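Here is the structure we will look at.
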Amino acid sequence: MAEINERLFREAKKYIAGGVNSPVRSFKAVGGAPVFVKKASGSKIFGEDGKTYIDYCLSWGALLLGHAHRDVSLEVKKAVEKGTSYGAPTKIETEFARRITKAVPSMERIRLVSSGTEAAMSAVRAARGYSKKNKLIKFKECYHGHGDYFLAGKRGVPENLSRDVLNLDYNKLEQVELALSEDRDIACVIVEPIAANSGLLLPQKSFLEGLRKLTLRYKALLVFDEVITGFRFCFGAAQNVFGIIPDLTCLGKIIGGGFPLACFGGKDEIMRCLAPEGNVYQAGTLSGNPVAVRAGLKTLELLKTPGFYKKLNDKSELFYRRLDKAVETSGVGVCLNRFGPMFNFCFRDKLKFKKFFHQLLSCGVYLSPSADEVCFISSAHSDKDLNDTANAVTYALSRLN
Ligand SMILES: Cc1ncc(COP(=O)(O)O)c(C=O)c1O
């Protein structure tokens, strides 16, 4: 049945660059044709190939409630009837912003945008506008979307941007200190508080604390990109868990309940620089889209259910115990990195991931299709899903030796 995906991929390539609308979907990192999805529900995706897969990619982490949650879908259906975009303010945007700012107190005021890329780009622009400085410190292991500054040095991005971007190593505070002390033109340091785009890298506690201290000392802003971590482990962001207060924060993925909705925000004083109050320009035709905001509001309401995160985290822990055992007995050079409901198999020999991925796919388990990407668990994953997956992992690992 894999031939169906190959045929659909060939057809897609005729009209869509690379056959996909975002590169990593193409399975380039694991080989073969991507699974073309027909529909999805709960923890499962249903392929055009007639197969059902337990999904651990979950639209790259956007679906903490799983696919097509009934209540979110109903809300969206109602919203669509009322018009799909107004380009004018609505009460629900204020309500959404109120809930976000309450859950993530460092975000005193926010602005809604349509993607994580937009949130990160806009946060950095706000930081520059506020500080009247130009440069940016980022970390090689982090991803902040495809804005020019985040891809400095890459093809298609003006070469002169590289002068304004310092690309340092995650968890290496001494590099940040050196950069900040030598260059007084650094507007901000942007970081994923847990780096989830180069496998799964946890921060040393002293790293995040150190970033906060150094940015205050050298008058640069600290931007937390919480597009992945926001609302993933608690009703709030990783900053709530780590007890660090950044100046600006970016959120995306989960808060949109599967719709194009993201936001950035922070100290009132900084947000006041944005047009129309200030003169740092930032805008969007579909920003605060009413259908997306309704989906987001309903999602937040469901996430607030007492015990939601405890149940999800406990379920994930039990699952990891089984996976740890599978890893241990396999004798394969692999370890399981995890934090709350996100995890990543880190193979010593990266090539082994490809085989592992395809072995699992043939057992009906769909991991994020790249060794660098993390996998996610949703509230829709049942004990049976997790048990079946642990069995499949044991089998797939046994085939690697
Ligand atoms: C930490 C982080 N920031 C920003 C982005 C970009 O978000 P989007 O793909 O919605 O533009 C991503 C996407 O994966 C991300 O993981």
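Of note:
- Options GLU192, GLU177: the member that is assigned by TED's automatic domain parsing to the domain that holds ALA120, surrounded by 14 or more Cβ atoms within 10 Å (Cβ to Cβ) and touching a helix residue (DSSP H, G or I) at 6+ places or on another chain (Cβ under 7 Å): GLU177
- Test: residue in segment 66-82 that is in contact with a strand residue (DSSP E or B) (Cβ under 9 Å, 6 or more places away or on another chain) and within 16 Å of the ligand (Cβ to nearest atom): no
- Residue selected from segment 208-243 under the condition away from the ligand (no atom under 16 Å from the Cβ) and in contact (Cβ under 8 Å) with a residue 40 or more places away in the chain, by the criterion surrounded by the fewest Cβ atoms within 10 Å (Cβ to Cβ): LYS219
- Listed by first and then second residue, the pairs linking a residue in segment 114-128 that is within 15 Å of VAL191 (Cα to Cα) to a residue that is assigned to a helix (DSSP H, G or I), with Cβ atoms under 7 Å apart and 6 or more places separating them unless they lie on different chains, are GLY116/LYS253; ALA120/PHE150; VAL124/TYR149.
- HIS144 fulfils the conditions (1) more than 9 Å from the ligand (Cβ to nearest atom); (2) under 19 Å from ALA220 (Cα atoms) except for a single criterion, (1).
- With respect to the stated conditions, GLU141 fails to be out of contact with any Phe, Trp or Tyr (no Cβ under 7 Å at 6 or more places or on another chain), in contact (Cβ under 8 Å) with a residue 12 or more places away in the chain and among the acidic types (Asp, Glu).
- Residue match in segment 245-258 (condition: more than 16 Å from the ligand (Cβ to nearest atom) and farther than 23 Å from THR117 by Cα): no
- Odd one out for ASP164 among (1) out of contact with any Leu (no Cβ under 7 Å at 6 or more places or on another chain); (2) among the charged types (D, E, K, R); (3) under 21 Å from CYS273 (Cβ atoms): (1)
- Residue in segment 54-67 that is in the same structural domain as ASP183 (by TED's automatic domain parsing) and charged (D, E, K, R) present: no
- Filter pass, ASN289 being touching a Pro at 6+ places or on another chain (Cβ under 9 Å) and more than 20 Å from PHE96 (Cβ to Cβ): no
- So PHE207, is it under 16 Å from ASN240 (Cβ atoms) and among the aromatic types (Phe, Trp, Tyr): no
- Strands (runs of 3 or more DSSP E) lying entirely in segment 245-339 (those with 1 or more residues that are closer than 30 Å to ASN387 by Cβ and β-branched (Val, Ile, Thr)): 334-339
Quick grid of which residues meet (1) under 25 Å from LEU216 (Cβ atoms); (2) modelled with pLDDT of 95 or more; (3) of a type in the set (S, T, N, Q); (4) within 16 Å of the ligand (Cβ to nearest atom):
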position: ARG109; (1), (2), (3), (4): yes, yes, no, no
position: GLY129; (1), (2), (3), (4): yes, yes, no, no
position: LEU136; (1), (2), (3), (4): yes, yes, no, yes
position: SER181; (1), (2), (3), (4): yes, yes, yes, no
position: ILE190; (1), (2), (3), (4): yes, yes, no, yes
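- So VAL189, is it within 24 Å of SER115 (Cβ to Cβ) and in contact with a Cys (Cβ under 7 Å, 6 or more places away or on another chain): no
- Residue within segment 58-80 that is charged (D, E, K, R), within 25 Å of ALA275 (Cβ to Cβ) and crowded, with 16+ Cβ neighbours inside 10 Å present: no
- Evaluation of ASP268 against (1) surrounded by 19 or more Cβ atoms within 10 Å (Cβ to Cβ); (2) acidic (Asp, Glu); (3) away from the ligand (no atom under 13 Å from the Cβ) (one fails), failing number: (1)
- Some residue of segment 190-208 being under 27 Å from ALA88 (Cβ atoms) and in a strand (DSSP E or B): no
- Matching residues, segment 148-163, being surrounded by fewer than 17 Cβ atoms within 10 Å (Cβ to Cβ) and either within 16 Å of the ligand (Cβ to nearest atom) or not aliphatic (A, V, I, L, M) (or both): ASP148, LEU151, GLY153, LYS154, ARG155, GLY156, PRO158, GLU159, ASN160, SER162, ARG163
The values are calculated or read from the model by the stated rules, or taken from the named source; none is laboratory data. Note that the structure is predicted; figures quoted are calculated from it, not measured. Counting neighbours? That spans all protein chains shown, and the Cβs are built from the backbone with ideal geometry, glycine included.
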